[in-house]
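Visitor: Structure incoming, see below.
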Amino acid sequence: MKQSIKAALISALLFPGLGQILVLKRYARGCIFLLPTLAGTLYILRVAMAQVNVLAGQLANGTLPFDITMIAQQIAASRTNGPAMTAATLACVLCWSASILDAIFFGNDQHYHHPHASHPQQGQS
């Protein structure tokens, strides 16, 4: 399998930038995709966990009945759709997509030197 396809699959299925780092050995390029996605993901998880804690507290103290319809309404009403959530989501989507495309289109770039690539020895006929 081509290195570019391996890198694209790892970036697509595991986390953006990992294909560039693990397969292509392009550490800085991988971090360009990995770090913003990681920051966005952590922000989204932090907001989601805060909402889960509020709902769990309401369920535990009885202010929210254990009714799936009521819980769903509470979740819909508590969504955070501010600019920070939009930016975090956009960063994740764009970096994830760009990481895959970068690996596919630039993974076999001739300027790239892979440590496992074999090179013909000079001076032999």
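The values are calculated or read from the model by the stated rules, or taken from the named source; none is laboratory data. Since the structure is predicted, the reported quantities are computational estimates derived from the model, not experimental observations. Neighbour counts are summed over all protein chains in view; Cβ atoms, including those assigned to glycine, are modelled from backbone coordinates with ideal geometry. Quick note on the areas: whole protein, heavy atoms, side chains included, nothing else; ligands and nucleic acids left out. Shrake-Rupley method; radii C 1.70, N 1.55, O 1.52, S 1.80 Å.
Visitor: Along the charge dipole of the chain, Cβ charges K/R +1 and D/E -1, which of ALA48, ALA12, LEU59 sits furthest on the positive end?
Guide: ALA12
Visitor: Could you give each residue of segment 82-90 its phi-based ³J(HN,Hα) in whole Hz, using Karplus coefficients 6.51, -1.76, 1.60 with θ = phi - 60°, and x for Gly or Pro?
Guide: Listing the rounded values in order: x, x, 5, 5, 5, 5, 5, 5, 4 Hz.
Visitor: Starting from the Kirkwood Rh over alpha-carbon pairs, what translational D in µm² s⁻¹ does segment 1-62 have by Stokes-Einstein at 37 °C and 0.692 mPa s?
Guide: Calculated translational D: 245 µm²/s.
Visitor: Between 0 and 90 degrees, rounded to the nearest ten: what's the tilt of helix 68-77 against the longest Cα principal axis of the chain?
Guide: 70 degrees
Visitor: Would you calculate a helix-derived [θ] at 222 nm for the chain, using -39,500 (n - 2.57) for each DSSP H run of n ≥ 4 and dividing by the full residue count, to the nearest 500?
Guide: Working: 5 runs with 85 residues, N = 125.
Theoretical 222 nm ellipticity from helices: -23000 deg cm²/dmol.
Visitor: Right, here's the next one. Could you work out Rg/(2.2 N^0.38 Å) for segment 27-76, with Rg from alpha carbons only? Before the final figure, lay out each step's value.
Guide: Values: Rg = 16.7 Å, N = 50, 2.2 N^0.38 = 9.7 Å.
Against the compact-globule rule of thumb, the ratio is 1.72.
Visitor: Any idea what Rg and Dmax come out to for segment 1-113 if you just take the C-alpha atoms, in Å?
Guide: When restricted to Cα atoms, segment 1-113 yields Rg and Dmax of 19.3, 64 Å.
Visitor: Under a 1.4 Å probe, what is the accessible area of the chain per residue, stated in Å²? Mind showing how you got there, number by number?
Guide: Numbers: 8470 Å² over 125 residues.
For the chain, the solvent-accessible area averages 68 Å² per residue.
Visitor: Can I ask one more? With all protein chains present, how much of the accessible area of the chain (probe radius 1.4 Å) comes from carbon and sulfur, to the nearest whole percent?
Guide: Numbers: 5730 of 8470 Å².
Carbon with sulfur: 68 percent of the solvent-accessible area.
Visitor: Spelling out what I want: for every residue of segment 57-62, take phi, set θ = phi - 60°, compute 6.51 cos²θ - 1.76 cosθ + 1.60 (Karplus), and round to whole Hz; glycine and proline get x.
Guide: Per residue, the Karplus-derived 3J(HN,Hα) values read x, 5, 5, 5, 8, x Hz.
Visitor: For MET49, MET70, MET1, give me the order by solvent-accessible area with a 1.4 Å probe, most accessible first, ignoring ligands, DNA and RNA. Let's see the in-between values first.
Guide: Numbers: MET49 105, MET70 80, MET1 150 Å².
The residues order as MET1, MET49, MET70, largest area first.
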